[in-house]
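A short reminder: the numbers here are calculations on the coordinates, not readings from a lab. Predicted model, so just to flag it, every value in this text is computed and none were measured. Positions of Cβ are generated from backbone atoms using ideal geometry, with glycine treated the same way; all protein chains shown enter the neighbour counts.
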Amino acid sequence: MAAYVESIRRAPRTLTEREQKALLRVTGEHRSGWRDHVLFAMALGTGLRTHELVALDVGDVFDDAGRVRRRLVLRVFKGDGRGDDDGQEVLLPEGLRAKLEKLWTWKGGDGESLDRGAPLFVSQRGTRLSTRQLRHAFAVWQERAGFERHVSLHALRHTACSSVYALSKDLRLTQRFARHRSVVTTMVYTHPSDDDLARAVEQLRC
């Protein structure tokens, strides 16, 4: 318990606005990076965890006509093991849905399966992307984006949740976005971000 209390006292590691822009820019510049561009945008726009992202099937995100759903129901997500976890709904922002529409076209043009049960994100071998492969890709892309520090892939979820709280200042709304059972868990996102600290420091007279 003491370790948990100590953990929520510390601000979660998040990406700065500059890092977010650099990551999305470098992955969006080339066709070879489009899969990862959409993956990272999805993490930043929904707060999905790594294993939830790679578990997505085509039919989770697209309807039978190939249209992007406004919300998706997760089949795989982090539950508490009590057996009363129903599918969790996640809203898809308009900007993310536009990128997913391009992903549909990209997948079809690349010969990837668009069947409902096919994995949404696949590896170069055509198999479902693994969490290990996704973490490796993120490490490579953040280096190409010029990050001056190493951050974990989970920092994208932290960034999304922190951004929702920063925009709304509503802890309950952030809890719902993060899909936390307890609001106590969500309190970690009330910490000031690195951008908040940087803006405050810039106001100092020195």
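Things to note:
- Label assignment, volume of the Cα convex hull per residue in Å³ derived from the structure, set (1) 133; (2) 147; (3) 102: (2)
- Once the chain from residue 166 to residue 116 is taken as fully extended at 0.36 nm per residue, the excess over their C-alpha distance is 14.4 nm.
- Qualifying trypsin sites (Lys or Arg not before Pro) in region 118-178, where qualification requires a DSSP coil assignment and no more than 10 other C-beta atoms within 10 Å, comprise 125, 149, 169.
- Mean separation of Cα contacts under 8 Å, 6 or more apart, over the residue count of the chain: relative contact order %: 31 percent
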